[in-house]
Amino acid sequence: MAILKIARMGHPVLAHVAQKVADPTSADIKRLVADMIDTMQDANGAGLAAPQVHVPLRVVVFQAPEDRNDPGLAEEERFDYSAPLTVLINPEIEIVEQAAEGGWEGCLSVPEMRGWVERAAHIRYRGYDLDGQLIQRTARGFHARVVQHECDHLDGVLYVQRMKDFGKFLFESEAHHWMRREEG
Ligand code: NI
């Protein structure tokens, strides 16, 4: 296990399209994923993509805990809105509904900042786990947001590039002025 150095905005590895993984079950990928999970948890992140640890491969890890979502959600809806710690290799996203939803995002590669980003509110995604098994899920809410954010990293895109209103780009330490009013 190891905690890896996280690339920050401006490092070229974050701006390039990452390569497909040839064998999701290889020992190298297992080691990379174990280190990515350690790194994500150490930094208190909800997700991490391999380019963020200077590895230009199509691998992401993320989690969408239940407590990130509206406690008023119906039981049958909760499944789409949350996800356990998940490894996705060579992921693909399909937008189910074009309708966008705004939300505050942060990124371990853009430390201490938050920005308001609109993303598809309902997606379907697929990818492989470390056993080479296909994972297919639908996602909404924070779950849909974190998957889109992490997969963007694989195409060299940071959330900042998705922002439309830079009036809503702010320091984390000032975010409390905004979040209670606008986070839905
Ligand atoms: Ni990020």
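The values are calculated or read from the model by the stated rules, or taken from the named source; none is laboratory data. Just so you know, these numbers come straight off a predicted model, no measurement behind them. Neighbour counts run over all protein chains shown; Cβ positions are idealised from the backbone, glycine included. Just so you know, the surface numbers come from the protein's heavy atoms only, side chains and all, with ligands and any DNA or RNA stripped out. Shrake-Rupley method; radii C 1.70, N 1.55, O 1.52, S 1.80 Å.
Output yes when any residue across the range 67-85 is open to solvent by 20 Å² or more (accessible area, probe 1.4 Å), modelled with pLDDT of 95 or more, hydroxyl-bearing (S, T, Y) and more than 16 Å from the ligand (Cβ to nearest atom), and no when none is. Among the residues of the range 67-85, not one is open to solvent by 20 Å² or more (accessible area, probe 1.4 Å), modelled with pLDDT of 95 or more, hydroxyl-bearing (S, T, Y) and more than 16 Å from the ligand (Cβ to nearest atom), which makes the answer no.
Only one of A22, A34, A27, A2 is open to solvent by 90 Å² or more (accessible area, probe 1.4 Å) and without any contact (Cβ under 8 Å) to a residue 60 or more places away in the chain. Can you tell me which?
Step by step, each of A22, A34, A27, A2 is checked, and only A22 is open to solvent by 90 Å² or more (accessible area, probe 1.4 Å) and without any contact (Cβ under 8 Å) to a residue 60 or more places away in the chain.
From the set of residues in the range 156-170 that are within 15 Å of the chain's Cα centre (by Cα) and in a loop (DSSP other than H, G, I, E, B), which is nearest to Q19 (Cα to Cα)? Looking at the filtered set, the residue picked out is G156. The set of residues in the range 10-25 that are closer than 21 Å to D129 by Cα and assigned to a loop (DSSP other than H, G, I, E, B) comprises V17, A18, K20, V21, A22, D23, P24, T25.
Residue count for the range 38-67, restricted to those that are over 13 Å from the mean Cα position of the chain (by Cα) and within 16 Å of H153 (Cβ to Cβ): 7. Looking only at residues of the range 37-54 that are in a loop (DSSP other than H, G, I, E, B) and touching a residue at least 24 places away in the same chain (Cβ under 8 Å), we find that the one that is farthest from the ligand (Cβ to nearest atom) is H54. Inside the range 128-150, residues that are part of a strand (DSSP E or B) and either free of Cβ contacts under 8 Å to residues at least 40 places away in the same chain or under 24 Å from D42 (Cβ atoms) (or both) make up a count of 2. Give the range 102-111 a look and list any residue that's within 13 Å of the ligand (Cβ to nearest atom), open to solvent by 20 Å² or more (accessible area, probe 1.4 Å) and in a strand (DSSP E or B), or say none. Listed by number, the residues that qualify are G106, P111.
For the range 117-134, does any single residue satisfy the condition of being open to solvent by less than 20 Å² (accessible area, probe 1.4 Å), within 16 Å of the ligand (Cβ to nearest atom) and either closer than 30 Å to D28 by Cα or not aromatic (F, W, Y) (or both)? Yes. The residues of the range 95-137 that are more than 16 Å from W178 (Cα to Cα) and among the aliphatic types (A, V, I, L, M), listed by number, are I95, V96, A99, A100, L108, V110, A120, A121, I123, L130, L134, I135.
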